[in-house]
Every structure is written in C-alpha cells, then in structure tokens.
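Notes to accompany the following structure.
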Amino acid sequence: MIVLIGSDHGGFELKERLKVELAKREDVEIKDFGIYSLETADYPDIAFKVAEEVAKDPNKRGILICGSGLGMSIAANKVNGIYAARCTDTYCAKVASKDNNANIITLGGRVVGIELATDIVNTWLDTPFEGGRHQRRLNKIANYERSHKIEEGNFHIINHPLIQHKLSIIRDKNTGTKEFRELVGEIASLMVYEITRDLSTEEREVETPIGPAKTRVISGKKLVLIPILRAGLGMTESVLRLIPNARVGHIGIYRDPKTLQPVEYYCKLPPDVEEREFFILDPMLATGGSAAYAATLLKKHGAKNIKIVCVIAAPEGVKKVQEIHPDVEIFTAALDSHLNDHGYIVPGLGDAGDRIFGTK
C-alpha cells in the first residue's frame, strides 16, 4: 500500500516521527510530499498536492498533518474524489474507513502525540470499508460532487433513468458486442431527444383526414451529425432514426498512443457549414483532445453552433474542451472519476470502438 504523507510547519515534527513508526510496517510504502523543514508553509499547498495524487489512484492513501488537522481536512476535501476525515482518536479512525471509506485522514500536530497518532493511522489502515448501506450514501455524495464540480461553461449530465439503466449494462465487461452496440445507439438517441428539446419551431397548417390543423415543425438551422471515427459511428444510425433529415459529416481522428494527442486523417463536411448546427458524436470524452480538435476544425470551416454528445466523460476531458471552446456545450450521461496512465476513463467501460465493433 502506498501512503502519501505531508504537513505544514505545525505538523512537521509529528510527520517526521510518524514516518519512522510507519516504516515498521512491511505492507506500507511511505512517500513524503513535504514540507522538509520547520520553515513556515501554507497548508493548502501541501494538501492539494497530496490530495490530487491520491485522487488519481484508488490504491493510494494520504495522511495530512497541520496544527489542528482542520485546515488540511478543509483543503483536501476541495479536490474532486477526495474524502478526508480529521481523526482525534482510534474510534474516528475506524469509522473513517469502515463507514466512510476515507482515502485521506488528517491529524493535528498540536492535538495528538506520536503514540496516539500511530494508533490512529494503524487503525485506519487496517480497517476495511464495510460497503452495504454506507456505499449507497457515498454514491449520493459522489453523484452530487460530479454534477457540481464542473460548473463553468456549458456542461450537462443527462440523468434520465432509462439512460442510466442502459449505461450500467454497457459498463459491464460481460456485455457482448451486439448488445453493446445496440445499447450505445439507444443511449445516443435518448440523449439527443433531450438535447433537442430547445430546437426552435414554426407554425404550419396541414390537412388531416378530418380537416385542417395548425401544427409545429422544426425551423432554423439544419442539423449535422459529426461522428468522430470510428467509435462515433456507433451513435450515428440511432440518432438518424430520430432525425432522418440530418446531414452526416465525418471527422477521422486517432489518439497517438505515446503522446495522447489527436491526429487528423479525414474530414468531410456538408456545404453551408455556417448555417448549420453540429452535433459531435463520440462515446467517450477522455482526454478531450479529439473532441476539442474536432470543434476547432469545424470552426475553421465556419461553424458557429456546436454541441458535443458523449456517453461518458472524464473531468480532464471536460476541462480541456471548456478551456479551448467555452462556447461549446457538452452533453454526457456520466462524469466519471479520472483518467488512468493510458488515457482511459476510470471506471469507464474500456475502449468503446473495440467493444462496438468487436475488435482489439
């Protein structure tokens, strides 16, 4: 188990002594994130650094120490995916892990001595998370956190029960190619049904078998679907069934496996780009490179109204698109935790293209 430890000047001495005690455990590898002297330091700097690293890897835990433990707890809990608990005794440490699955604990260097601090940390490390009803409560916290952490820009999570039900099935690694492909299409059509709710309409009169009727038809800009090859193709056909008059363009982009940067190899768009509304389709918004590149490409051709439709997004990808294209709306069915070292969304659903087309 990797345990990251950090402190400000108020917790420095306890940190140094606690490192010695934890070194006696063969199952723990300690990584010190500072500070490295009694020189005055601002606790948020250390808290953010440790918390960001813990949030990236569910196998890592963190210990943060300041004078009271309060400041470190407040700062660490600002980081998405962190559940930091301030502990002053072994009971708090046990509950922090058993009931709350805390991935960071904070201690007060002026509150607890080394003997109690060691007992607190060992209790926390040795107590497994119980799950059950506690997991239900943590899920509610996580759902709130994910839906509120990214507030800037045009970002929307579509929480329709049918979408969420189908999403749970395609996440399952045991779901076969045929079912996976069909469900991705169904999710895409349900999402677009919600996304197009604000399309402008105009009145038109038609003749029914009984007599004339005033009706509403879609007006304004014509829609264009832009599947990013190849995974985006898995969303296109189902959306076309819903909007059969939409045009379809294609943008071919692959992610370089070494640099994780997008590489364009194909682009075909309909005419009158500036007069149309574009839906970029890609099941996974991971690094955000492909989606941001596609939006840039469309804008170069004159596009002014662009939406990104994805099944699952990572915070890193959302932030990248928002930084480059704050005017582009992003719609997703889920905002997951983070990206792993290979640029895959965690927990995600694996490689969407491979699972849609049955390739590796």
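Just so it is clear, none of the values below were taken in a lab; they were calculated from the coordinates. All figures in this text were calculated on a predicted structure; none of them were measured in a lab. All Cβ positions, even for glycine, are placed from backbone atoms using ideal geometry, and neighbour counts span all protein chains on display.
So the values come out like this:
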quantity: Max mean-square fluctuation residue, GNM over the chain, Cα-Cα springs under 10 Å, options F33, F279, F155; calculated: F33
quantity: Reciprocal mean inverse distance between Cα atoms of region 149-283 - Kirkwood radius, Å; calculated: 17.4
quantity: Tilt relative to the chain, helix 133-149 - C-alpha long axis, 0 to 90 degrees, to 10; calculated: 60
quantity: Dipole magnitude of region 1-83, debye to nearest 20 (Cβ charges: Lys/Arg +1, Asp/Glu -1, about Cα centre); calculated: 220
quantity: Rg/Rg_ref, region 8-56, where Rg_ref = 2.2 N^0.38 Å and atoms are Cα; calculated: 1.21
quantity: Rg/Rh ratio calculated on Cα atoms of region 1-91 (Kirkwood radius); calculated: 0.93
quantity: Isolated Cys in the chain, by beta carbon distance under 4.7 Å; calculated: C66, C267, C310
quantity: Residue pairs, from the table K15/K319; K24/K56; K56/K300, whose Cα atoms sit over 28 Å apart; calculated: K15/K319; K56/K300
quantity: Residue with peak Gaussian network fluctuation, the chain [Cα springs, cutoff 10 Å], from D336, D89, D256; calculated: D256
quantity: Relative contact order (%) - the chain, alpha-carbon pairs under 8 angstrom, separation at least six; calculated: 13
quantity: Stretchable slack from D119 to K214, in nm (0.36 nm times residue separation minus alpha-carbon distance); calculated: 26.6 nm
quantity: Inter-centroid distance (Cα atoms) of region 181-231 relative to region 15-43, Å; calculated: 59
quantity: Cross-link reach list, lysines versus K166, counting only Cα pairs under 25 Å and skipping chain neighbours closer than eight places; calculated: K140, K149, K178, K307, K360
quantity: Kirkwood-based Rg to Rh ratio, the chain, C-alpha trace; calculated: 1.09
quantity: Kirkwood Rh, angstrom, region 162-231 [1 / mean 1/r, Cα pairs]; calculated: 15.4
quantity: Eligible aspartates and glutamates near K304 by straight Cα distance, threshold 18 Å, same-chain separation 8 or greater; calculated: D198, D272, E274, E275, E277, E323, D327, E329
quantity: Compactness index (Cα Rg / 2.2 N^0.38 Å), region 230-307; calculated: 1.10
